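K.L.:
What follows is a structure written as structure tokens; I'll ask about it next.
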There are 2 protein chains.
Amino acid sequence: MAIVAGVGMAAFGRHPDKTVADLGVEAALGALSDAGLQWKAVEGMYCGAAGAGLTPGTRVSALLGLTGIPVVNIDNASASGSSAFRSACRDVDTGAADIVLAIGVGKSGRTLRLDGGVGAPEPGTAEYRERQIGMMQGVLPPAGVFAMRTRRRMHEFGSRIEQFAAVAVKNRKHASLNPYAQMRGPLTIEDVLNARMVADPLTIPHCCPVGDGGAAAIVVSERKARELGISAAVRAIASQFRTPTLAGVMDAQDADTTTVTVDAAYAEAGLGPKDIDLVQVHDAFTVEEIEYCESMGFCERGQGEFAVERGEFSIGGRIPFSTDGGLLSRGHPLGPTGLAQVHETVLQLRGQAGERQVEGARTGLLHMVGIGGVCLVHILQRA
Amino acid sequence: MAIVAGVGMAAFGRHPDKTVADLGVEAALGALSDAGLQWKAVEGMYCGAAGAGLTPGTRVSALLGLTGIPVVNIDNASASGSSAFRSACRDVDTGAADIVLAIGVGKSGRTLRLDGGVGAPEPGTAEYRERQIGMMQGVLPPAGVFAMRTRRRMHEFGSRIEQFAAVAVKNRKHASLNPYAQMRGPLTIEDVLNARMVADPLTIPHCCPVGDGGAAAIVVSERKARELGISAAVRAIASQFRTPTLAGVMDAQDADTTTVTVDAAYAEAGLGPKDIDLVQVHDAFTVEEIEYCESMGFCERGQGEFAVERGEFSIGGRIPFSTDGGLLSRGHPLGPTGLAQVHETVLQLRGQAGERQVEGARTGLLHMVGIGGVCLVHILQRA
């Protein structure tokens, strides 16, 4: 089983003075230092980045020192960092390697464009039709999709926009306690309601910011952890990766893929929702945290927004979600986000999360989705 | 050990009427048909693509049918397809999966730009300095780098530009026998010498074309191959991936990484140069085939251009290189190139390469390098 021996971050925010590679080096050195390992001990590296320029992981590895190890650059859109973490866990799980580094990097000026990066798809092509018929999440400006999902819930469950705003307010409060978060200033329900409209009924604070940042985790085998005397060990007890199924896309696509992926992770870990102490969720839009909490089994369908309003997902509540501020306030530079979730969860499970500590946290669930409907779920547990 | 059960290609060339995803679907269906497998049997997929838009592999998997499998998109520049193939082999080798699809896709209008895709690096940053000091292959327009390497050899070994042109002529002759190749028209030494100059002494035919294309391979476990009754099986008996070492960059960077990687592959397979029947090499520029043949142990240093001139690397010669035309004439759409090498080698080892068949071929070596100096070497062998 894969042990997360160390985590590091380059704080999310605006860093015009730092390159993508600088952000990766900062996060990697943090993780190495946290694990008490030297770069030359690392046997392989995965880098998650979405449209962040030429092979950013290879640039990071060159700056850390030319040790000759394999470096795989993964671009799985928003789920890039989670994919890098999964590949690292898999290499260790299968015995292919003993010490693997997973990093994620992103810069707002270098992130992906929804038109595919180089021009729009050619009219008349399959790619163009895909977007027209709305099969993929990237079809409409994402805020439009999530505005419709929000409206649908308000219609179906009698919920109010204030309840969705409560997700943004809660996550900002969590972020205010997190030095690595991008958005830390105070935020009230009124602030959310009165902010500039993006896609009715979603104003700016309903949508995550895309900034600059880096995050990293060192994954080691159990044998190596014993050999190195690594204490306070956190284990990856489940790692699941799914794309949509035909049955799934007939309903709300991401939410359904989340159900399938989370259920597989619960089965792999031999756990259920009652065993989870905290959740990091893909809350790129406020309605997402609400949808996914239901897909994960923490709420009955149609109850999510009411549970948020009652404080059930706040630190100190029944099951804290997005304890570091989530995509909404910790920020979402695409590449590193999944690894920022690993960073936060490891700190929480070690009892090192300071003012935002979830008391007695032993097991955390991490969830990311990405364009094309990919979904990754990890469960980490304190030994 | 990983078995290559099927290969497929979308011919390299210009396909303005096809999307990146179309090219991937065509190659994938070819590989599935060749293996006698259905898409729903595939347990996981890796897609190699360099700057080919948003998660192209996920788009291909959606078009093949929404089966829910994990899809990892890898962008390792020119080595993307080889990296995807290695990840597929590793999943099968370690027992993580039994049937994995590796594909590569690329379109000339959507390929990477050497400035990083979104603007040039900021002056004063580490990234900018990296390029200034020339640490990475992407620093100068690549033709400039290889023009200097060519001149250096002419100075050091008394070789003539006609000998480098002989690489282009030989590989074009091989490509003329390959229906999947981009450049198939006749080419003479005089044509090469008289073509438009790119970077003195390199004219256009010394440099590979970047076009559109797709390539795919199905990798299965030995157990699954037996179960499916797959005959004429080709095994991946070595799979090595290296990045530069500090010692290596003090000399010619790529060539040295090639030596280290090829030596590791020989050791893994328990073979040496004498056991190899044909080679697919990263011949993006004519001088590369010459440098790498020496790094691989097929020639003494300084002898490569003389060996090419004598026909030793032609089909029918001592050790045929680039039997499908290589990057120089089969073409190099970046993402799929490494998998086109797998396609060609599998056909050769099965005795299905038609007019370009290397008689009695049993063992093939495949070599790709990519920006940042990454190097991948695979050795495939007929069972």
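The values are calculated or read from the model by the stated rules, or taken from the named source; none is laboratory data. Keep in mind that what you see is a predicted model, and the values were worked out from it rather than measured. Please note: Cβ atoms are built from the backbone with ideal geometry, for glycine as well, and neighbour counts cover all protein chains shown. Protein only, heavy atoms only, side chains kept; ligands, DNA and RNA dropped before computing areas. Shrake-Rupley method; radii C 1.70, N 1.55, O 1.52, S 1.80 Å.
K.L.:
Would you look at the GNM of chain B, springs on alpha carbons closer than 10 Å, and say which of B:His15, B:His367, B:His155 moves the most?
P.N.:
Comparing B:His15, B:His367, B:His155 in a Gaussian network model of chain B, the most mobile one is B:His155.
K.L.:
Hey, what angle do you get for helix B:161-175 against the long axis of chain B, alpha-carbon based, 0 to 90 degrees rounded to 10?
P.N.:
Its long axis makes an angle of about 20 degrees.
K.L.:
Using only Cα atoms, find the angle between the long axis of helix A:337-350 and the longest principal axis of chain A, and express it within 0 to 90 degrees, rounded to the nearest 10.
P.N.:
Between the helix axis and the principal axis of chain A, the angle is about 70 degrees.
K.L.:
Solvent-accessible area of B:Leu246, probe 1.4 Å, all protein chains present, reported in Å² to the nearest ten, please.
P.N.:
110 Å²
K.L.:
I'd like the FRET efficiency for A:Ala267 and B:Arg310, computed as 1/(1 + (r/R0)^6) with the beta carbon distance as r and R0 of 56 Å, rounded to 0.05. Present the calculation step by step, with values, prior to reporting the outcome.
P.N.:
On the way: r = 63 Å, r/R0 = 1.12.
Computed FRET efficiency for A:Ala267 and B:Arg310: 0.35.
K.L.:
Take the residue pairs B:Lys170/B:Lys224; A:Lys40/A:Lys173; A:Lys40/A:Lys107; B:Lys18/B:Lys224; A:Lys40/B:Lys107; A:Lys107/A:Lys274 and return only those whose Cα atoms are more than 29 Å apart. Mind dumping the intermediate values first?
P.N.:
Details: B:Lys170/B:Lys224 39 Å; A:Lys40/A:Lys173 39 Å; A:Lys40/A:Lys107 27 Å; B:Lys18/B:Lys224 34 Å; A:Lys40/B:Lys107 37 Å; A:Lys107/A:Lys274 37 Å.
Listed pairs above 29 Å: B:Lys170/B:Lys224; A:Lys40/A:Lys173; B:Lys18/B:Lys224; A:Lys40/B:Lys107; A:Lys107/A:Lys274.
K.L.:
Running a GNM on chain A with Cα contacts under 10 Å, which residue among A:Ser239, A:Ser159, A:Ser78 ends up with the highest mean-square fluctuation?
P.N.:
Of the options given, A:Ser159 has the highest mean-square fluctuation.
K.L.:
Next up: For region A:33-74, state which residues have at least 40 Å² less accessible area in the presence of all protein chains than in their chain by itself, taking the probe as 1.4 Å and leaving out ligands, DNA and RNA.
P.N.:
A:Leu54, A:Thr55, A:Thr58, A:Arg59, A:Leu66, A:Gly68, A:Pro70, A:Val72, A:Asn73
K.L.:
Now a separate question. When chain B is turned about an axis onto chain A, which of its residues keeps its C-beta closest to that axis, and how many Å is it?
P.N.:
Per the Cβ-to-axis criterion, the result reads B:Thr94, 2.
K.L.:
At A:Arg226, with labels set 7 Å past Cα in the Cβ direction, how many nm apart are the copies from this one, shortest first?
P.N.:
3.1
K.L.:
For B:Tyr266, B:Tyr180, what's the largest-to-smallest order of accessible area, 1.4 Å probe? Walk me through the numbers before you get to the answer.
P.N.:
Details: B:Tyr266 20, B:Tyr180 70 Å².
Highest to lowest solvent-accessible surface, that is B:Tyr180, B:Tyr266.
K.L.:
Shifting gears a bit: If you take every DSSP beta bridge fully contained in chain B, what fraction is antiparallel? Give it as a percent rounded to 5. Don't jump to the answer; show the numbers that get you there.
P.N.:
Details: 38 of 51 bridges.
Among the beta bridges of chain B, antiparallel pairing accounts for roughly 75 percent.
K.L.:
Which percent of Cα pairs goes in each bin when the distances of chain A are cut into 20 angstrom slices starting at zero?
P.N.:
31, 60, 9
K.L.:
Along Cα-to-Cβ, 7 Å out, sits the label point; list in nm, shortest first, how far the one on B:Pro179 is from those in the other copies.
P.N.:
The projected label point of B:Pro179 is separated from its counterparts by 6.5 nm.
K.L.:
Sticking with this structure for a sec: What number, in percent, do you get for the relative contact order of chain B if the mean sequence gap of Cα pairs under 8 Å and at least 6 apart is divided by its residue count?
P.N.:
Details: 916 pairs, mean separation 99.9, N = 383.
It comes to 26 percent, rounded to a whole number.
K.L.:
Now, a different point. Sort out the exposed loop GluC sites (Glu not before Pro) in chain A (DSSP loop, at most 11 other Cβ within 10 Å) and tell me the longest stretch that has none. Mind showing how you got there, number by number?
P.N.:
Details: sites that count: A:Glu300, A:Glu359.
In short, A:1-299.
K.L.:
Would you mind checking the radius of gyration and Dmax of the protein assembly as shown based on alpha-carbon positions, in Å?
P.N.:
My reading of the Cα-based Rg and Dmax gives 25.8, 84 Å.
K.L.:
A follow-up question, please. First check a/c for region B:149-299, with a ≥ b ≥ c the square roots of the eigenvalues of its C-alpha gyration tensor; if it is under 1.5, answer rounded, and if not, answer prolate when a/b is larger than b/c or oblate otherwise.
P.N.:
Numbers: a/c = 2.39, a/b = 1.39, b/c = 1.72.
Judged from the Cα gyration tensor, region B:149-299 comes out oblate (a/c at least 1.5, b/c at or above a/b).
K.L.:
On to the next question. How do B:Asp93, B:Asp324, B:Asp34 rank by accessible surface area computed with a 1.4 Å probe, from largest to smallest?
P.N.:
Values: B:Asp93 85, B:Asp324 5, B:Asp34 60 Å².
Descending accessible area places them as B:Asp93, B:Asp34, B:Asp324.
K.L.:
Could you tell me how many degrees, from 0 to 90 and to the nearest 10, lie between the Cα long axis of helix B:20-35 and the main elongation axis, the longest principal axis, of the Cα atoms of chain B?
P.N.:
60 degrees
K.L.:
If ligands, DNA and RNA are left out, what is the accessible area of A:Met183 with a 1.4 Å probe, given in Å² to the nearest 10?
P.N.:
Accessible surface of A:Met183 is approximately 70 Å².
K.L.:
Then there's this: Considering Cα pairs under 8 angstrom that are at least six residues apart, work out the relative contact order of region A:197-316 and quote it in whole percent. If you can, show how the numbers build up before the last one.
P.N.:
On the way: 72 pairs, mean separation 25.4, N = 120.
Taking the mean separation of contacting Cα pairs over the length of region A:197-316, I get 21 percent.
K.L.:
Something else now. May I ask what percent, to the nearest 5, of DSSP beta bridges between residues of the protein assembly as shown are antiparallel?
P.N.:
Numbers: 79 of 105 bridges.
About 75 percent, rounded to the nearest 5.
K.L.:
Further question: What translational diffusion coefficient, in µm²/s and rounded to a whole number, does the Stokes-Einstein relation yield for region B:247-383 at 37 °C and a viscosity of 0.692 mPa s, taking the hydrodynamic radius as the Kirkwood radius over Cα pairs? Mind showing how you got there, number by number?
P.N.:
Working: Rh = 14.8 Å.
Using the Kirkwood radius from Cα pairs, D works out to 221 µm²/s.
K.L.:
I've got another one for you. One decimal, nm, shortest first: give the distances between the label point of B:Gly158 and those of the same position in the other copies, each label point 7 Å from Cα along Cα→Cβ.
P.N.:
Nearest to farthest, the other copies are at 9.6 nm.
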